[in-house]
């Protein structure tokens, strides 16, 4: 009678614990899942990718272990092919000197000088604006850092979200297993 009660109690605790653990994991997943993905689709896709990667790693490790155990040698085949093609040109230019400026260039020189001064003025104006923009950029970077810090604090709070529920569920599963083991021991000893 006691063994049957402990067996039922253990099974019940395991079922309740498993449900609580799944609910805790689901709650945590919902807080981190992309907003455009449905819960079932996104979580199972992630689980299937992780399972596939784990299976591949396990199979590769087993293959390597069996190769070493059976002392199978691997055949290594190296195939090298190559081609070489050379094409070249040579070009040389020698300038000995410039000589005197033509009259048209001498006449254009004051206009070029004036335009150069105008461009220097515009450059100074732009440099002043850039200095103001640098201060604005520093303020924006400060606001971004503050927002990032706030998001990191929020993520830490969210990360804990469903974990206590999952831990409580897994604890109940463990207690249920112990209760079933005790029930089996009681049944075998005949208490």
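Structural remarks
One line per residue, one yes/no per condition, for (1) loosely packed, with under 10 Cβ neighbours inside 10 Å; (2) modelled with pLDDT under 70; (3) touching a helix residue (DSSP H, G or I) at 6+ places or on another chain (Cβ under 8 Å):
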{"residue": "2", "(1), (2), (3)": "no, no, yes"}
{"residue": "25", "(1), (2), (3)": "no, no, yes"}
{"residue": "37", "(1), (2), (3)": "no, yes, no"}
{"residue": "48", "(1), (2), (3)": "no, no, no"}
{"residue": "55", "(1), (2), (3)": "no, no, no"}
{"residue": "74", "(1), (2), (3)": "yes, yes, yes"}
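Rundown of residues vs (1) more than 30 Å from residue 24 (Cβ to Cβ); (2) surrounded by 11 or more Cβ atoms within 10 Å (Cβ to Cβ); (3) within 45 Å of the chain's Cα centre (by Cα); (4) modelled with pLDDT under 85, yes/no style:
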| site | (1), (2), (3), (4) |
| --- | --- |
| 131 | yes, no, yes, yes |
| 134 | yes, no, yes, yes |
| 147 | no, no, yes, no |
| 153 | no, no, yes, yes |
| 157 | no, no, yes, yes |
| 175 | no, yes, yes, no |
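The values are calculated or read from the model by the stated rules, or taken from the named source; none is laboratory data. In this text, all values refer to a predicted model and were calculated from it rather than measured experimentally. Here the Cβ is made from the backbone with ideal geometry for all residues, glycine too, and neighbour counts use every protein chain on show.
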